Amino acid sequence: MGFFDGLLGGRAAAFDSGNAATNAIELTRRHPTVSLTKQGAATGNLRVNLTWRMRTSDFGSGPRTSLLRHPFKALKPPEILGHGQSMVNVDLDLGCLYELADGTKGVVQPLGGYLGDVNAPPYIKLSGDDRFGSGSGETMYVNLDHREGIKRLLVFVYIYDQTPAFDRTQAVVTLYPGNGPRIEIGLDERHPQARSCAVVLLENVKDELIVRREVKFVYGFQGELDRLYGWGLQWGRGYKTKA
């Protein structure tokens, strides 16, 4: 079983517009930020969902098709297959480092049972731990009705087992505000040895909730993300029980 960081000592730009066809905002390098406040989406429960799928290239290439006979094949994106435990041995976990307005800091993550609370500090709740990449993925909720108590939140994804596999999976983190379009951040950059990724930062800046794409891959675990963003928590090795 793999190992990675568990918390010690208990709990401690330019704005993009929505796509009318899909009712979604995709955060990219060119358009990395969006204001929930300006979108009228700074209240209610913000749902944060992680899903991932297996790349078909990992299973060998299919029959070759002539681009001369089928020229539009070149414009078609590669097919992605949904996957189960038998296809890939990778366990992606969704987590969140939080800093509240009163200075309280901590983490919400499956490891250690730090599942949070949506109606009390830290106003973040993780629904559970999906170990096999099911269709629903992993979901956490952020209670934006208590936004004045939140200073910043860093949503991150890490690989639990010992095999780095961000290059073999197509992971997407999607934010579903209580109002307005959903916000999508794809983890589609190639970092085959990375074990963790800071995905998106939500900050309360002068009473405005700003969502900023990060997508920063690191080769360590939560402790390295902590150091990168200056959270200052104490970390140690953690393990999950066997499924």
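Read the figures in this text as sums done on the coordinates, not as results from a lab. Note that this is a predicted model, so its numbers are computed, not measured. Cβ placement follows ideal geometry from the backbone for every residue including glycine, while neighbour counts extend to all protein chains displayed.
At 7 Å along Cα-to-Cβ for each site, give me the label-to-label distance between Asp102 and His31 in nm.
3.9 nm
Would you mind calculating the gained length between Tyr219 and Gln193 on full extension (0.36 nm times residue separation, minus the Cα-Cα distance), in nm to one decimal?
Numbers: separation 26, 0.36 × 26 = 9.36 nm, distance 0.64 nm.
Between Tyr219 and Gln193, full extension yields 8.7 nm more.
Given H placed on each backbone N at 1.01 Å, which residues far from Val200 in sequence or on other chains put an amide H within less than 5 Å of it?
Result for Val200 returns Val155, Glu214, Val215.
With labels modelled as points extended 7 Å from the Cα through the Cβ direction, what inter-label distance (nm, one decimal) is found for Asn179 paired with Gln234?
With each label point 7 Å from Cα toward Cβ, the separation is 4.4 nm.
With the Cα gyration tensor of region 140-235 in hand, give its eigenvalues times 5 under a square root as the equivalent ellipsoid semi-axes, listed largest first in whole angstrom. Intermediate results must be reported in sequence, preceding the final value.
Numbers: eigenvalues 126, 59, 21 Å².
Semi-axes (√(5λ), whole Å): 25, 17, 10.
Out of region 173-243, which trypsin sites (Lys or Arg not before Pro) are coil in DSSP terms and have no more than 11 other C-beta atoms within 10 Å?
Working: sites: Arg182, Arg190, Arg195, Lys206, Arg212, Arg213, Lys216, Arg227, Arg237, Lys240, Lys242; in loops: Arg190, Arg195, Lys206, Lys240, Lys242.
Listed in order of number, the matching sites are Arg190, Lys206, Lys242.
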